[in-house]
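Data block below; observations after.
Please treat every number below as a calculation from the coordinates, not as lab data. Keep in mind that what you see is a predicted model, and the values were worked out from it rather than measured. Glycine gets a Cβ as well: all are built from the backbone with ideal geometry, and neighbour counts include every protein chain shown.
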C-alpha cells in the first residue's frame, strides 16, 4: 500500500493508504503503485483516479478533478499539492456545463491577453470537471 495525500488550498482532500493512484502529468498519465521510484513532477489539470485495493474494479475508483500542481513520491508516500481538487461526488454536471458556457463566452469577448488567458484557464477547469462528472455518471450505470 502507498500513503496518498491530496492537498489543495482548501485543505486535505484525501489522506489514506491506497493500492494505486493514476495522475495527470505534463508527459501523460502515470500510475503510482507501492515501491514506486522516487519522483518529483508537475501535475497538469486533469483527473486523479484512486484505487483503494488491488482487487477493486475500475468503476470502484475514486475520482478527483484537479488543477495543476506538484507531485512527490518518496518511499511509499505520494503527496500531490494543487490549487483545487474536487471529488466526483461534489461536482454537478449541469453546473459544470453552465460554467463551460460562461467561460467560452468570456473567451469570445476577451479584449486582451490576460483576459484571454483567464478565460482559457476557466475553460480548462470546466472541461476537467465535465470529464469527471461524465465518469461519475457512467460508473452509476
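Annotations
- Most mobile listed residue (115, 92, 126) in the chain, GNM with C-alpha springs under 10 Å: 115
- Per residue, the chain reaches -11000 deg cm²/dmol at 222 nm when only DSSP H runs of four or more residues are counted, each adding -39500 (n - 2.57).
- Span per principal axis, largest first, for the Cα atoms of region 1-129 (Å): 50, 28, 25
- Peptide ranges 83-90, 129-136 listed from the most packed, as the mean C-beta count within 10 angstrom indicates: 129-136, 83-90
- Stokes-Einstein, applied to the Kirkwood radius of region 91-140 over Cα pairs at a viscosity of 1.002 mPa s and 20 °C, places its translational diffusion at 192 µm² s⁻¹.
- Dividing the Cα radius of gyration of region 55-135 by its Kirkwood radius returns 1.08 for Rg/Rh.
- Fully extended contour minus Cα-Cα distance, from residue 116 to residue 9, at 0.36 nm per residue: 36.1 nm
- To the nearest ten degrees, helix 113-140 and the longest principal axis of the Cα atoms of the chain are 50 degrees apart.
- Degrees separating the helix 93-109 axis from the principal Cα axis of the chain, which is the longest one: 50 degrees
- The chain: most fluctuating residue of 69, 46, 28 per GNM, C-alpha cutoff 10 Å: 28
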